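Since the structure comes first, as structure tokens, the remarks are kept for the end.
The values are calculated or read from the model by the stated rules, or taken from the named source; none is laboratory data. Worth saying up front: this structure is predicted, and the values here are computed from it rather than measured. Cβ placement follows ideal geometry from the backbone for every residue including glycine, while neighbour counts extend to all protein chains displayed.
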Ligand code: NAD
């Protein structure tokens, strides 16, 4: 038999080498078709008496990334359709579909012939679970080999036997830690955890896998043998009595109870280890079906898996403009941002002319890359040669004529209109006619800056976030006159440096900073009301934010907030900033010199390491303090999330953000908006616009007009719409996921 995605070669020893190599994909993923083929292959090798055993591997440089988007999306569509038809049978149907992979892997495990998984590269999710169902696992020791069950990061959990097999191979604490965090394992760590049997040189992978079979590998999983014992002895041991009471508490500390997928892992392991293996699988399948139906899973998969990949692949790229591979760019301004932009560009193989006011300043910018490379080489994350190659791509200079052959310039000079105007003129004097000019400004509207350009169609904003090496998001800002060519090139560049872009129309603060300032402003309001600062910061964490608003303000610098607020007043008038907020920030910056982390004092105190930062006790003296019992933490959580989500809704209403996927992905990647919600707009859609509007009205009555629902929201609530139906990113012909 021949297969579309697999080849089978049986050698003289009767070992069938199954190579998974999907013809139309760069990475192997599970699709309906792949599953059907694996099912047929199991039947074939069992029926073929000449086959003594199977080695399963990948023909690509990676092993497999796990499930395919379309398969996951089809599960949600199925649920929606079935629920509309017959809610009683919908659950059963979802249960059956959700369990398909689980029972197929079990079929491999119990087929009677030995299977060995030969893991040659990244092996994630369902692919790792398939490997765990094989009787032997050999991994190559190449640096690129990484193993993980990362499902929890998109709101679900390993539902194809992962919770049962990992917990029967590794010790329980390691198993829980690995699955509830979605941690990535090196082959060595996987071996130490007893999850792979051998780690070998890449060229020994297939021979070693075959040898396991030749050495008489038993086609029986340990848990199918009589007398099998769970590592550590299972649930009813003194060690487990130490572990289990603490486990839910630790999980709660880490996740604030916001992630049903993470909690389900605990339940699957705790319950599954007390019953026979097949019953354990059924328990897992039940919880998996339950979690799959949760709003959190639906929203997280949509934003963090589907939308993120779609945006990364250029969902918003204008059609009809040829894709460009950038060879050389210019970065003007080799300061804090420019230096790092040069680094990420060179890391993607792009030559960079790094310009500053003089050679010395430019060289200082390149020194940032030199340090990053030295650190990576020292930690073994980069080879010396790769490091040298990266650095050779960055040319520091003060000479603008080096820009005569670039296709893009990223400007990152001082945030000053006049300085930027001078630089635009100097750059355009030498820039090729076709090249694009991108400003990294964070506060100056692009349309205004483009007025200094001779070719505003080729002028755009590419707004990076700091630290540039770590932050995955880039906002691409379209000015009034920006053309499609500029947008396409900007998106090609962002994709080349492996960041996720969101396309945002021009506005003060763009999308991310508008939302972030709402978050910080709400914390100012709370402080002024006398809410203890600790409660504000803790409520934010309990709401799912990675960083409290006061801590975040310290990171971006309190004097930067002051500067931005003053600029708003100058441009938009006194009413644009609450006087109480201005007074608070002026007090901190002007009277107390508390500017944030950068000068070692802000809302927090920053003692010398290893001591940890702590909230500045003097905050208590600024406003008369409420007692903790007078403050409702749930309301604090709601205020922090609602004020951000409302601002996101405003940006949609104003036509700044036009695609709900971008609002959602941008909010999670840009400032970590409570990921379990799926992002700002999914947070609203998830509870229902009607419920959100009612919540806004309640908060507005008590905490101010900034919570009033907008006309768009009122209209959507009246019509029963969601953001993903009203602004359907897939067009009218397709249903929103
Ligand atoms: P910075 O002060 O660290 O760097 C600015 C650099 O520009 C300096 O090296 C300076 O010497 C150089 N420069 C000034 N005038 C110049 C000229 N005429 N020609 C060539 N070089 C010149 O500032 P930064 O924090 O890197 O910010 C740069 C830009 O990036 C600003 O527009 C800022 O708003 C934006 N931005 C900053 C952040 C952030 O977190 N700092 C985040 C996003 C965007």
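Can residue 409 be described as in a helix (DSSP H, G or I), over 26 Å from the mean Cα position of the chain (by Cα) and within 12 Å of the ligand (Cβ to nearest atom)? I'd like the intermediate steps shown before the answer.
On the way: in a helix (DSSP H, G or I): no; over 26 Å from the mean Cα position of the chain (by Cα): yes; within 12 Å of the ligand (Cβ to nearest atom): yes.
Taking the combined requirement at face value, the residue does not satisfy it.
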Checked the range 1-24 for anything out of contact with any strand residue (DSSP E or B) (no Cβ under 6 Å at 6 or more places or on another chain) and either under 18 Å from residue 210 (Cα atoms) or loosely packed, with under 15 Cβ neighbours inside 10 Å (or both); matches are 1, 2, 4, 11, 12, 13, 14, 21, 23, 24
Please state which one of 629, 624 is exposed (fewer than 15 other Cβ atoms within 10 Å of the Cβ), in contact (Cβ under 8 Å) with a residue 12 or more places away in the chain and over 29 Å from the mean Cα position of the chain (by Cα).
624
Please work out which one of (1) over 22 Å from residue 98 (Cβ atoms); (2) assigned to a loop (DSSP other than H, G, I, E, B); (3) more than 16 Å from the ligand (Cβ to nearest atom) is the condition residue 275 fails and give its number.
(1)
Hey, can you tell me all the residues within the range 412-455 that are within 18 Å of residue 474 (Cα to Cα), more than 10 Å from the ligand (Cβ to nearest atom) and either surrounded by 24 or more Cβ atoms within 10 Å (Cβ to Cβ) or without any contact (Cβ under 8 Å) to a residue 40 or more places away in the chain (or both)?
436, 437, 438, 446
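For residue 183, indicate whether it is touching a helix residue (DSSP H, G or I) at 6+ places or on another chain (Cβ under 8 Å) and surrounded by fewer than 19 Cβ atoms within 10 Å (Cβ to Cβ).
Numbers: touching a helix residue (DSSP H, G or I) at 6+ places or on another chain (Cβ under 8 Å): yes; surrounded by fewer than 19 Cβ atoms within 10 Å (Cβ to Cβ): yes.
Here the answer is yes, as residue 183 does meet what is asked.
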Identify, from the list 309, 274, 290, 285, the residue that is over 30 Å from residue 731 (Cβ atoms) and modelled with pLDDT under 95.
290
Just to be sure I understand, how many residues within the range 151-178 are under 21 Å from residue 302 (Cα atoms) and crowded, with 21+ Cβ neighbours inside 10 Å?
9
Just to be sure I understand the filter: pairs with C-beta atoms under 6 Å, separated by 6 or more residues or on different chains, first member in the range 329-345 and at positive phi and assigned by TED's automatic domain parsing to the domain that holds residue 499, second member within 6 Å of the ligand (Cβ to nearest atom) and modelled with pLDDT of 95 or more. Which pairs pass?
333/412; 333/413
Within the range 35-42, is there a residue that is out of contact with any strand residue (DSSP E or B) (no Cβ under 9 Å at 6 or more places or on another chain) and over 30 Å from residue 156 (Cα atoms)?
no
Please work out which one of (1) surrounded by 18 or more Cβ atoms within 10 Å (Cβ to Cβ); (2) part of a loop (DSSP other than H, G, I, E, B); (3) modelled with pLDDT under 95 is the condition residue 229 fails and give its number.
(1)
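For every residue, the table says whether it meets (1) farther than 18 Å from residue 101 by Cα; (2) out of contact with any helix residue (DSSP H, G or I) (no Cβ under 8 Å at 6 or more places or on another chain); (3) in contact (Cβ under 8 Å) with a residue 24 or more places away in the chain; (4) not assigned by TED's automatic domain parsing to the domain that holds residue 213.
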| residue | (1), (2), (3), (4) |
| --- | --- |
| 1 | yes, no, yes, yes |
| 13 | yes, no, yes, no |
| 24 | yes, yes, no, no |
| 53 | yes, no, yes, no |
| 58 | yes, yes, yes, no |
| 79 | no, no, yes, no |
| 85 | yes, yes, no, no |
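Would a scan of the range 210-221 turn up a residue that is in contact with a strand residue (DSSP E or B) (Cβ under 8 Å, 6 or more places away or on another chain) and in a loop (DSSP other than H, G, I, E, B)? Walk me through it before giving the result.
Taking the range 210-221 first, the residues in contact with a strand residue (DSSP E or B) (Cβ under 8 Å, 6 or more places away or on another chain) are 210, 212-214, 217, 219.
Imposing the further condition that a residue be in a loop (DSSP other than H, G, I, E, B) reduces the set to 217, 219.
Yes, some residue in the range 210-221 is in contact with a strand residue (DSSP E or B) (Cβ under 8 Å, 6 or more places away or on another chain) and in a loop (DSSP other than H, G, I, E, B).
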Could you check, for the range 534-554, whether at least one of its residues is closer than 30 Å to residue 330 by Cα and in contact with a helix residue (DSSP H, G or I) (Cβ under 8 Å, 6 or more places away or on another chain)?
no
In the range 623-634, anything modelled with pLDDT of 95 or more and in contact with a helix residue (DSSP H, G or I) (Cβ under 8 Å, 6 or more places away or on another chain) is listed as 623, 626, 631, 633
Scanning the range 581-599 residue by residue, those within 16 Å of residue 623 (Cα to Cα) and outside any helix (DSSP H, G or I) turn out to be 592
Which condition does residue 612 not pass, out of (1) over 29 Å from the mean Cα position of the chain (by Cα); (2) over 30 Å from residue 460 (Cβ atoms); (3) free of Cβ contacts under 8 Å to residues at least 24 places away in the same chain, if it passes all the others?
(1)
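Would you mention how many residues in the range 519-530 are under 15 Å from residue 667 (Cα atoms) and more than 22 Å from the chain's Cα centre (by Cα)? It would help to see each step written out before you state the result.
Restricting attention to the range 519-530, the residues satisfying the condition of being under 15 Å from residue 667 (Cα atoms) are 519-520.
Pick out the ones that are also more than 22 Å from the chain's Cα centre (by Cα) and you get 520.
Residues that pass the stated criteria total 1.
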